[in-house]
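The values are calculated or read from the model by the stated rules, or taken from the named source; none is laboratory data. All values reported here derive from a predicted model rather than from experimental measurement. FYI the Cβ positions are ideal-geometry reconstructions off the backbone, even for glycines, and counts take in every protein chain you see.
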Amino acid sequence: MVRVRFAPSPTGNLHIGGARTALFNWVFTQSQKGEFVLRIEDTDQERSKKEFVDEILFSLQWLGFKWDEIHYQSKRFDIYRAYADKLLKEGKAYIERSAEGKEAVIFKVTPQKIQVSDIIRGNIEFDASTIKDQVLIKSDGTPTYNFACVVDDALMKISHIIRGDDHISNTPKQVLFYQAMGFDLPKFAHLPLIMGIDGGRLSKRTGATAISDYRKMGYLSEALVNYLLLLSWAPDANQVLISMPEAIKQFELKNVNKTSATFDIKKLDWINNQYLKNADPEKLLFDLLPQLKEKKYIGQGDFDKEYVLKIIKLFQPRLAHVNDFLDWADFFFLDQINLDSVAREKYLATNLSKEFKFFIQALEGLKEFNVENIEQCFRESVAKLNLEAKVLIHPIRVALTGKTIGPGLFEVIYYLGLQRVRDRLLKSMEGRL
């Protein structure tokens, strides 16, 4: 059976590189109807923190990666010690004592040529004569990364090790341990690194942000997963938008690119926008609810859910991030709008009291207040005032919303309602905005 593992270290949050590795492991094992093992590599007891464990688990769940098993290396020290003692008895390792009398277990490296058939990179050859003897158990009693990793991968029957190519240098050391302990070698697949748009290593400036931060910034998990899939792998016909079920059907490790991938936040934003356009407004409302309450756009108790859903639908086609809604739609929820100073100077410096008053009276005369009638009312008003539509449409938008861009003006007027439209235009006429 295909069994893969994702093995994060809880010395920090889950970032883009780790999430891409977890994704490729997960989608591969789903395509093979295998099992996904999560192993928390918390042997560094000083730097490993519970809050990082919690963040990693939450982020993996948010991304949709369900594990079949979870293990913690900190609970397996006796197992590592037993295998180290076995190597000592077999003469494949030795004890090294420090000046303080503490003992470390050291593995004897035998010079040899090591060949590894990598699913992505093909045959890779290593010369073990360049590798010094390896520490198995440190003098403080904790196992080293490479040793614990091999013991766990063997005992957990991991069939495929899919990880970043920054681990290639660990591979020959681990092969030596597999051989010494009589374990079967798993298959290796080393994923290319993810680079920043500037061509350098991914940094916070170019996208190396915690997955939990992407969630807070308003990215949908489906959109982020879709984008991560495209970093070093391409679906059939190079389609950009692909669902997880489609990806599972198509995914093959041998088709992963060898060259490094480039993380482009603009492309992620575009993909996120595509998903937002088609997202269930109820889901978006659920994501937005805590912040809508925090900003006091809605009350802590009951609120007009249907109205909020309608406003969400109005903005959906424009959103790059879920959180954009909070800034763009504030004028629907606040009594006092946030008026952009540049917009005020550009569109409200001229006295338009006569024109605004004429339009208010026209709106008040409508038999039915709907988008179609509002538009007709506006067109007729500018015609009677002998104005071009743009002379009035931009000032009205700014007076009602505080912004120069947004949804269609007639939809804005409809959802604000006649009373608020009248009040805001009158405030603008009186210079009270």
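Below is a table of values for the structure above.
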item: Any hit, the stretch 251-264, residues being acidic (Asp, Glu) and under 25 Å from residue 403 (Cβ atoms); result: no
item: Qualifying residue in the stretch 74-82 (condition: touching a residue at least 24 places away in the same chain (Cβ under 8 Å), surrounded by fewer than 17 Cβ atoms within 10 Å (Cβ to Cβ) and not in a helix (DSSP H, G or I)); result: no
item: Odd one out for residue 109, checked against (1) in contact (Cβ under 8 Å) with a residue 40 or more places away in the chain; (2) surrounded by 19 or more Cβ atoms within 10 Å (Cβ to Cβ); result: (2)
item: Cross-chain or 6+ apart pairs with Cβ under 7 Å, the stretch 352-373 first and in contact (Cβ under 8 Å) with a residue 24 or more places away in the chain, then among the charged types (D, E, K, R); result: 360/422; 371/411
item: Residue in the stretch 190-208 that is surrounded by fewer than 17 Cβ atoms within 10 Å (Cβ to Cβ), in contact (Cβ under 8 Å) with a residue 12 or more places away in the chain and under 13 Å from the mean Cα position of the chain (by Cα) present; result: yes
item: From 310, 384, residue being out of contact with any strand residue (DSSP E or B) (no Cβ under 7 Å at 6 or more places or on another chain) and farther than 20 Å from residue 415 by Cβ; result: 384
item: Condition broken by residue 259, with the remaining ones in (1) surrounded by fewer than 16 Cβ atoms within 10 Å (Cβ to Cβ); (2) β-branched (Val, Ile, Thr); (3) closer than 28 Å to residue 409 by Cβ satisfied; result: (3)
item: Matching residues, the stretch 120-144, being surrounded by fewer than 17 Cβ atoms within 10 Å (Cβ to Cβ) and closer than 30 Å to residue 252 by Cβ; result: 122, 123, 124, 125
item: Candidates 254, 283, 313 - the one that is assigned by TED's automatic domain parsing to the domain that holds residue 21 and surrounded by fewer than 17 Cβ atoms within 10 Å (Cβ to Cβ); result: 254
item: Members of the stretch 372-384 found to be loosely packed, with under 15 Cβ neighbours inside 10 Å and not polar (S, T, N, Q), listed by number; result: 372, 379, 380, 383, 384
item: So residue 292, is it assigned to a helix (DSSP H, G or I) and closer than 23 Å to residue 227 by Cα; result: no
item: Given (1) assigned to a helix (DSSP H, G or I); (2) out of contact with any helix residue (DSSP H, G or I) (no Cβ under 6 Å at 6 or more places or on another chain), number of the condition residue 38 does not satisfy; result: (1)
item: Out of 427, 403, 390, sole residue that is assigned to a helix (DSSP H, G or I), within 42 Å of the chain's Cα centre (by Cα), modelled with pLDDT under 95 and not aliphatic (A, V, I, L, M); result: 390
item: Test: residue in the stretch 43-59 that is in contact (Cβ under 8 Å) with a residue 12 or more places away in the chain, assigned to a loop (DSSP other than H, G, I, E, B) and buried (at least 20 other Cβ atoms within 10 Å of the Cβ); result: yes
item: Hey, residue 411 more than 18 Å from residue 343 (Cβ to Cβ) and without any contact (Cβ under 8 Å) to a residue 40 or more places away in the chain or not; result: no
item: Hits in the stretch 284-328 - residues which are more than 19 Å from residue 266 (Cα to Cα) and of a type in the set (A, V, I, L, M); result: 284, 285, 288, 289, 292, 298, 308, 309, 311, 312, 314, 326
item: Residues (of a type in the set (Val, Ile, Thr) and either within 23 Å of residue 398 (Cβ to Cβ) or not in a loop (DSSP other than H, G, I, E, B) (or both)) located in the stretch 306-346; result: 308, 311, 312, 337, 342
item: Residue in the stretch 1-28 that is nearest to residue 152 (Cα to Cα), counting only those that are in contact with an Asp or Glu (Cβ under 6 Å, 6 or more places away or on another chain) and crowded, with 21+ Cβ neighbours inside 10 Å; result: 7
item: Strands (runs of 3 or more DSSP E) wholly inside the stretch 123-240 containing at least 1 residues that are among the aromatic types (Phe, Trp, Tyr); result: 187-191
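Condition check ((1) in the same structural domain as residue 173 (by TED's automatic domain parsing); (2) in contact with a helix residue (DSSP H, G or I) (Cβ under 7 Å, 6 or more places away or on another chain); (3) at pLDDT below 95; (4) acidic (Asp, Glu)) across all residues:
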{"residue": "83", "(1), (2), (3), (4)": "yes, yes, no, no"}
{"residue": "87", "(1), (2), (3), (4)": "yes, yes, no, no"}
{"residue": "90", "(1), (2), (3), (4)": "yes, no, no, yes"}
{"residue": "97", "(1), (2), (3), (4)": "yes, no, yes, no"}
{"residue": "100", "(1), (2), (3), (4)": "yes, no, yes, yes"}
{"residue": "109", "(1), (2), (3), (4)": "yes, yes, no, no"}
{"residue": "116", "(1), (2), (3), (4)": "yes, yes, no, no"}
{"residue": "126", "(1), (2), (3), (4)": "yes, yes, no, no"}
